[in-house]
Amino acid sequence: MSKLYEDIKKGLEEAIAFEQGDPDVVSKTVVHKMKVNPVPDFSPNEIREIRLKSAMTQSVFAACIGVTKKAVESWEGGRSHPDGAARRTLSLMSRNPHFAETNGILE
């Protein structure tokens, strides 16, 4: 059998043993607990402020977030609201107005 198959098989066997409470496997297992902060909401004015602090037009801002210019217009006009992924990106951009440049989104 291939090494990949053997590695997958070993991993599955370890997962089963862990789930069954095997002390040899449980004692070797490191568990990292993480808390994910909730996705914030943004008002139309806050969205506009984030965009302006980032020194972007609605078109460039939309392209950076991965939405249409119409979507940004609608958010800033209060007619619709960004989804979770867009709100998470807005959160990152609100903390760092240069987020798009420092993360390779803008050249």
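Sub-9 Å Cβ pairs linking a first residue in segment 83-103 that is farther than 14 Å from A55 by Cα and free of Cβ contacts under 8 Å to residues at least 12 places away in the same chain to a second residue that is assigned to a helix (DSSP H, G or I) and of a type outside the set (V, I, T), at least 6 apart or interchain, are L92/F99; N103/L92, ordered by first then second residue.
Looking only at segment 10-17, decide whether some residue is touching a helix residue (DSSP H, G or I) at 6+ places or on another chain (Cβ under 7 Å) and either part of a helix (DSSP H, G or I) or exposed (fewer than 11 other Cβ atoms within 10 Å of the Cβ) (or both). Scanning segment 10-17 turns up at least one residue that is touching a helix residue (DSSP H, G or I) at 6+ places or on another chain (Cβ under 7 Å) and either part of a helix (DSSP H, G or I) or exposed (fewer than 11 other Cβ atoms within 10 Å of the Cβ) (or both).
Residues in segment 71-104 that are surrounded by 12 or more Cβ atoms within 10 Å (Cβ to Cβ) and either over 20 Å from the mean Cα position of the chain (by Cα) or of a type in the set (K, R) (or both): E73, S74, E76, S80, R87, R88. When segment 66-107 is filtered for residues that are assigned to a helix (DSSP H, G or I) and either on the phi > 0 side of the Ramachandran plot or touching a Pro at 6+ places or on another chain (Cβ under 8 Å) (or both), the ones remaining, listed by number, are A71, W75, E76, R87, L90, S91.
Every number here is computed from the coordinates shown, using simple stated rules; none is lab data. Values in this document were obtained by computation on a predicted structure and should not be read as measured data. Neighbour counts are summed over all protein chains in view; Cβ atoms, including those assigned to glycine, are modelled from backbone coordinates with ideal geometry.
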